[in-house]
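The values are calculated or read from the model by the stated rules, or taken from the named source; none is laboratory data. Everything quoted here is computed from the prediction, not taken from an experiment. Because the Cβ atoms are built from the backbone with ideal geometry, glycine has one as well, and the counts that use them run over all protein chains shown.
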2 protein chains.
Amino acid sequence: MTIRVLIVDDQAMVRAGFAALLAAQSDIDVVGQAEDGRQGVELGRSTHPDVVLMDVRMPEMDGLEAARQLLDPPPGVTHRPKVLMLTTFDVDDYVYEALRAGASGFLLKDAPPADLIAAVRIVAAGEALLAPSVTRRLIADFAKQRPAQRRDPALKLNGLTPREAEVLELIARGLSNQEIAAHLVLAEQTVKTHIGRVLSKLDLRDRAQLVIFAYEAGVVVPGDQ
Amino acid sequence: MTIRVLIVDDQAMVRAGFAALLAAQSDIDVVGQAEDGRQGVELGRSTHPDVVLMDVRMPEMDGLEAARQLLDPPPGVTHRPKVLMLTTFDVDDYVYEALRAGASGFLLKDAPPADLIAAVRIVAAGEALLAPSVTRRLIADFAKQRPAQRRDPALKLNGLTPREAEVLELIARGLSNQEIAAHLVLAEQTVKTHIGRVLSKLDLRDRAQLVIFAYEAGVVVPGDQ
DNA sequence: CCCGGGCTCATACCCCGGTATGAGTCACCC
DNA sequence: GGGTGACTCATACCGGGGTATGAGCCCGGG
């Protein structure tokens, strides 16, 4: 079972180098080469590679956009290759863009050839791999935006009772007082009472500020419903 | 300049294996071995290693807690080693805990010896490195919680006008209509008009849901004020 | 030139949300 | 047994928020 690889890079010499390197592996087939993003997307659709080596900076359509199109195909297109991004420069925002788009890896072109080959195999296997400097950034970012967020029952809900915390979460989900009452099988007034206490305990004004607090305190987290 | 390494693992054979492997490298010194977390923290403080190889599961004090203590030292202790977590099992929540605590890497013990050696060097150099399966999880998580968030001027604010977007952000900061009016030098009614249009465009009900939308869409981000 | 969209504002209405006050039940603890 | 705190609910008030309607201003584009 050979790994089908598509190489997308605007520099002919780079393409040739990678192609030669990879084609020399018995388990890897280079099924195509493209010199810009647009062509890369086309070839990606027609040659259905397992792995696309994608340069970041390219004329016509950059690697990020091309990766997005390959990874989020229009209805009808079923094939989704793995994308391994490559860059000459020591990264920056590109990385995050690429990862958000669903890329499986991010390597610097100055990596040892053996690393590149290993990377292709890893990515083809459904795993992922990043250049060490990229990994460091990602971890730092990850740690920063969720600083040692202990998941204990009691967050830092300044002395909220369980019931109050429950109400707070429902508010942060966008429910009205009536809906909360229905949800918890309570009278609407009871809900109001709880909310009143929460507001005073947290020193806030209205439910909009409660929602803000919930997000900032990690009671709810963007993207989990 | 040799790399000073401390090995923390409850299995004597594992310690011996790693020690032999690493000590054979000319640029690596094994400066100590510990068989549980508590001892690991002690030795970490006294032998000031550059890199700590830390097993996750251990009696007495697990690797996570030990890593936390080494990476977030009490006042007075200035030394902060890099921590490279090791595990036998294919990971889970441990990973996230470890990364939040500031670990520089996470490897599976079944990785090739050459990988372990390379990892020590990478981590010592201030970079980071993860096992491919871990990398995949981290990326997936990263991509999920910030889904393809285009950073262009226009987010995905379903056709909001600039003014409307501005109002939305102020709502997401917790301001009342009056305060928004004052802030933008407008009549309160004008603010209401804008909000009304935003609500209908986004198909939402009230300002609380607007706040939720703002966080989910990345108009505002937890922890940036 | 006129048309449309973005922005502004007024008047008027209604209801949800938040406040105030008081009170009843239950569980737990000294 | 009395006290405390969590939870429940009622009645009553009112002000902010959201809706509806209509209108004027300015700008850029057909």
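Name the single residue that is nearest to A:Gly32 (Cα to Cα) among those in the stretch A:66-98 being at pLDDT below 85 and of a type in the set (Ser, Thr, Tyr).
Only one residue tops the list, namely A:Thr78.
Go through the stretch B:175-225 and report how many residues are closer than 25 Å to A:Leu175 by Cβ, within 10 Å of DNA strand D (Cβ to nearest atom) and among the hydroxyl-bearing types (Ser, Thr, Tyr).
2
Considering (1) buried (at least 21 other Cβ atoms within 10 Å of the Cβ); (2) within 11 Å of DNA strand C (Cβ to nearest atom), say which one A:Ala172 fails and leave the rest.
Every listed condition holds for A:Ala172 apart from (2).
Checking A:Ala148 against (1) at pLDDT 85 or above; (2) more than 11 Å from DNA strand D (Cβ to nearest atom); (3) among the small types (Gly, Ala, Ser), which single condition isn't satisfied?
Only one criterion in (1) at pLDDT 85 or above; (2) more than 11 Å from DNA strand D (Cβ to nearest atom); (3) among the small types (Gly, Ala, Ser) is unmet by A:Ala148, namely (1).
Restricting attention to the stretch A:176-225, which residues are of a type in the set (Lys, Arg) and part of a loop (DSSP other than H, G, I, E, B)?
Passing the criteria: only A:Arg205.
Condition check ((1) within 12 Å of another protein chain (Cβ to nearest Cβ); (2) surrounded by fewer than 19 Cβ atoms within 10 Å (Cβ to Cβ); (3) at pLDDT below 90; (4) near DNA strand C (Cβ under 8 Å from one of its atoms)) across all residues:
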| residue | (1), (2), (3), (4) |
| --- | --- |
| B:Glu179 | yes, yes, yes, no |
| B:Ala182 | no, yes, yes, no |
| B:Val185 | no, yes, yes, yes |
| B:Lys192 | no, yes, no, yes |
| B:Ala208 | yes, no, no, yes |
| B:Glu216 | yes, yes, yes, no |
| B:Val221 | yes, yes, yes, no |
